[in-house]
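Remarks on the structure that follows.
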Amino acid sequence: MKKKTLFWRKLNDRFHTLFSAASVFIAVTGMILVLYTVVIRGMDAVSLDFFLNSSRPYGVEGGGIANAILGSVMITVFAAVLAIPPAVLAGIFLSEYPDAGRAVAVLRFAANVMMGVPSVLVGLFVYVIIVVPSGHFSGFAASVSLAVIMFPLIMRTTEDMLGMVPNSLRESSLALGMTKMRSILCIVCRSARNGLLTGILLAVARVSGETAPLLFTAMFADAWPSDFFTRPTANMPVLITEYTTNSPFAEMHTAGWGASLVITAAVLAVNIVTRIVFREKNNAG
């Protein structure tokens, strides 16, 4: 009986090991194929002029992606400004005030629901509440949509990171005469700062490539993004969509793949650098 039980345990262990290895292999292979395709198709478009010139109308040669890069940076930075402070405060509230009653449960449930909402619905929501009443697309509306997506990600990450801080640190700071808020900000958040920064940077990288919300809010323009609050704003995701799917010109397709390579490399770099830097700091600590 014991031999039979041991046999099934070994078989179960082998099965789960093989299944895990196969899953990792499929995921890594898929990622490598995507990167290979983007690099092979996009390298032909990459040049100095490609990064310095603004985009051109369909069929006009000599265009680049400089205005789209600048517009994407402006949209993402403004979204971070809108989302990070309230999201961090909400995460602190969930972690440090669990006895606040129904508000904690409602906020956590709402965050879980928001994390599962498709980004296209977020874009449609912002389109209805900002674009339609104002009568124009804008980079500001795009930032609001990305901030809505970032908010639950940063909030739950903040809650998880603060939850990993030992209660002994909280008790020690309170025993020394600190107020609870000062203890949270100076001791708890300081202890979890690497995890908080990692979560924030990964959330920023997560939304920087979103396309659907920008189609409803920022749209696209070949001009430089000078009127951020009142006019359509150039951005990388919509440029890629327009060039690769809506243009009949081969050079536009190549430029779209080049833009895909740039944004892929940027997102990948942020993820890798963030994990390496903060992992080293955690190990040093």
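The values are calculated or read from the model by the stated rules, or taken from the named source; none is laboratory data. Note that this is a predicted model, so its numbers are computed, not measured. Counting neighbours? That spans all protein chains shown, and the Cβs are built from the backbone with ideal geometry, glycine included. The accessibility values were calculated without ligands, DNA or RNA, using every heavy atom of the protein model including side chains. Shrake-Rupley method; radii C 1.70, N 1.55, O 1.52, S 1.80 Å.
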Among (1) surrounded by fewer than 21 Cβ atoms within 10 Å (Cβ to Cβ); (2) outside any helix (DSSP H, G or I) - the single one F137 does not satisfy: (1)
Set V60, V73, V24, V28: member being surrounded by 13 or more Cβ atoms within 10 Å (Cβ to Cβ), out of contact with any helix residue (DSSP H, G or I) (no Cβ under 8 Å at 6 or more places or on another chain) and not aromatic (F, W, Y): V73
Filter result for A83 (crowded, with 20+ Cβ neighbours inside 10 Å, modelled with pLDDT of 90 or more and hydrophobic (A, V, I, L, M, F, W, C)): yes
Test: residue in segment 8-15 that is surrounded by 11 or more Cβ atoms within 10 Å (Cβ to Cβ), over 26 Å from the mean Cα position of the chain (by Cα) and at pLDDT below 90: no
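Considering only residues that are β-branched (V, I, T) and in contact (Cβ under 8 Å) with a residue 24 or more places away in the chain, which ones fall in segment 160-207? Even if it seems obvious, please write down each step before you answer.
Taking segment 160-207 and keeping what is β-branched (V, I, T), we get 165, 179, 184, 187-188, 198, 200, 204, 207.
Result: V165, I184, V188, T198, I200, V204, V207.
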Hey, D99 without any contact (Cβ under 8 Å) to a residue 60 or more places away in the chain and either of a type in the set (A, V, I, L, M, F, W, C) or in a loop (DSSP other than H, G, I, E, B) (or both) or not: yes
Helices (runs of 4 or more DSSP H) lying entirely in segment 146-242 (those with 3 or more residues that are open to solvent by less than 50 Å² (accessible area, probe 1.4 Å) and touching a helix residue (DSSP H, G or I) at 6+ places or on another chain (Cβ under 6 Å)): 193-207, 212-217
